[in-house]
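Notes follow once the structure below has been shown.
The values are calculated or read from the model by the stated rules, or taken from the named source; none is laboratory data. As the structure is a computational prediction, the values presented were derived from the model and not from experiment. Neighbour counts run over all protein chains shown; Cβ positions are idealised from the backbone, glycine included. Quick note on the areas: whole protein, heavy atoms, side chains included, nothing else; ligands and nucleic acids left out. Shrake-Rupley method; radii C 1.70, N 1.55, O 1.52, S 1.80 Å.
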Amino acid sequence: LTSIKSVDSMLYNHSVDVCVVAVMVARSCGATPKQIKQLATGCLLHDIGKLFVSHSASEVSMVRQHTLLGYELLKNSPEPDLLAPHVALEHHERQDGTGQPRGLVGSNTIERNRDLPPPVPTLIGEIAAVANVYDNLLTGSPSRPPMTPDTVVQAIRNAAGGHLNRAIVG
């Protein structure tokens, strides 16, 4: 986290904001304290792979690269956590299978649907995706102005089902 803050303070703020939103969402979804801890750790570091991606990379390439690089870094940490690295890997996946980097298909439920062909997205990865979209829309970007909180909530609701997990958005 210190590395993120020293390189990019906006990315650091985004990571903290995503963490806070994700923890609140996870509590409302009935996540266990252990899941919440794994989610919080993963959210604080979900974009760490961006520190290793060239700024000249295309948007699709940057998304794919930073999720994979973040996952590899976190899964090989000195104190590995089994689920936290999946937040870095899965926060750009979509319910309809069009996300990055693996094109996972979700079930739009809180309970994991083991009838889907593996791999199945993790609950904490899907919660992180909702929190990430929320903060990105609220904050804006160089190519898009920030949205008001009410507009962000409506945009999240509109993305439920295809992009974001419908049950998490609730």
So which cysteines of the chain have no other cysteine's Cβ under 4.7 Å from theirs? 29
Once both labels are modelled 7 Å past Cα along the beta-carbon direction, what's the residue 141-residue 32 spacing in nm? 3.6
The chain, accessible surface, carbon-and-sulfur percent (1.4 angstrom probe): 57
Surface accessible to a 1.4 Å probe, per residue, for the residues of the chain, Å²: 53
Size-normalised alpha-carbon gyration radius of the range 17-91, reference 2.2 N^0.38 Å: 1.14
Of all the Cα-Cα pairs you can form in the chain, what percent are over 21 Å apart? 43
Cubic angstrom per residue, convex hull over Cα atoms of the range 71-163: 118
Across the range 72-121, how large is the tail of the calculated P(r) beyond 17 Å, expressed as a percent of all Cα pairs? 41
Cα convex hull of the range 1-46: how many Å³ per residue? 49
